[in-house]
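First up is the structure itself, then whatever we jot down about it.
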Amino acid sequence: DAMVIQNPRYQVTQFGKPVTLSCSQTLNHNVMYWYQQKSSQAPKLLFHYYDKDFNNEADTPDNFQSRRPNTSFCFLDIRSPGLGDAAMYLCATSRVAVSGGNEQFFGPGTRLTVL
Amino acid sequence: SQQGEEDPQALSIQEGENATMNCSYKTSINNLQWYRQNSGRGLVHLILIRSNEREKHSGRLRVTLDTSKKSSSLLITASRAADTASYFCATDAGGFKTIFGAGTRLFVKA
């Protein structure tokens, strides 16, 4: 089945220790997104890629970076995690719909704990 | 600021009852979507309604959209315990950006 896969599902890191979260998709979608979701809050868009074009949200901290080496994979790098970065990180994909309306397909998320 | 605001924040009902969740937004939209999220999981797309549509159905789901009031509602009929989840409305914010509301947490008691 076509899907969005995130690894690992749970990640524990230490304060200030770099961490990388990964996302892969078999949907062949052009657009990939990274969201941060804290407990009982809405998912907050960090950035997205349209093919190789990177789009960073204005309020995304510089501490967060992303890489998309090919259509299938996208990585979220947190250079120096702080306690406030503990959250669920969701990867999503969508295709470019001629009629508009970008239905997004989400992975199961990676829950990041910062000690 | 958030585009979508949802109401109520939490809803507890008995199995078999209907559940209604509301979403209000601030700026003009091309479409509005509803997503569901089970605890600790990713979101699942439920339904998309375009700005020129007023109502849409999918199984036990009914979505309405009132662009004059900048609001939408999601009705789940004959709810089941398995419907227990958080439900989010999401509006397009230009390009590929989607803004999610804070969500309604629905608990369906068996």
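Of B:74, B:32, B:65, all but one fail to be assigned to a strand (DSSP E or B), within 11 Å of chain A (Cβ to nearest Cβ) and surrounded by 15 or more Cβ atoms within 10 Å (Cβ to Cβ); the exception is B:32. State which residue is nearest to residue A:112 (Cα to Cα) when the search covers only the range A:27-38 and only residues that are in contact with a strand residue (DSSP E or B) (Cβ under 8 Å, 6 or more places away or on another chain) and not in a strand (DSSP E or B). So, considering only residues that are in contact with a strand residue (DSSP E or B) (Cβ under 8 Å, 6 or more places away or on another chain) and not in a strand (DSSP E or B), the one nearest to residue A:112 (Cα to Cα) is A:38.
Within the range A:49-67, is there a residue that is surrounded by 20 or more Cβ atoms within 10 Å (Cβ to Cβ) and more than 14 Å from the chain's Cα centre (by Cα)? No; the residues of the range A:49-67 include none that is surrounded by 20 or more Cβ atoms within 10 Å (Cβ to Cβ) and more than 14 Å from the chain's Cα centre (by Cα).
Inspect the range A:54-73 for any residue being within 11 Å of chain B (Cβ to nearest Cβ), assigned to a strand (DSSP E or B) and touching a residue at least 40 places away in the same chain (Cβ under 8 Å) and give the result as yes or no. No, every residue in the range A:54-73 fails to be within 11 Å of chain B (Cβ to nearest Cβ), assigned to a strand (DSSP E or B) and touching a residue at least 40 places away in the same chain (Cβ under 8 Å). Which one is nearest to residue A:17 (Cα to Cα), of the residues in the range A:70-96 that are buried (at least 16 other Cβ atoms within 10 Å of the Cβ) and of a type in the set (Val, Ile, Thr)? Only one residue fits best here, namely A:78. Count of the range B:88-110 residues, restricted to those that are under 30 Å from residue B:14 (Cβ atoms) and touching a strand residue (DSSP E or B) at 6+ places or on another chain (Cβ under 8 Å), is 13.
The residues of the range A:97-114 that are surrounded by fewer than 16 Cβ atoms within 10 Å (Cβ to Cβ) and at pLDDT 95 or above amount to a single one, A:113. Does residue B:78 meet the test of being touching a residue at least 40 places away in the same chain (Cβ under 8 Å) and either polar (S, T, N, Q) or more than 30 Å from residue A:53 (Cα to Cα) (or both)? Yes: the conditions hold for residue B:78.
Can you find a residue in the range A:48-55 that is more than 30 Å from residue B:7 (Cβ to Cβ) and hydroxyl-bearing (Ser, Thr, Tyr)? Yes, the range A:48-55 has at least one match.
Residue pairs whose Cβ atoms lie under 9 Å apart, sitting 6 or more positions apart in sequence or on different chains, and linking a residue in the range B:34-55 that is more than 16 Å from residue B:74 (Cβ to Cβ) to a partner that is basic (Lys, Arg), are B:40/A:111. If the condition is being aliphatic (A, V, I, L, M) and either within 15 Å of residue A:47 (Cβ to Cβ) or in a strand (DSSP E or B) (or both), then the range B:93-110 contributes B:93, B:99, B:106, B:108.
The values are calculated or read from the model by the stated rules, or taken from the named source; none is laboratory data. Bear in mind the structure is a predicted one, so any value in this text is a computation, not a measurement. Backbone-built Cβ (ideal geometry, glycine too); neighbour counts: all protein chains shown.
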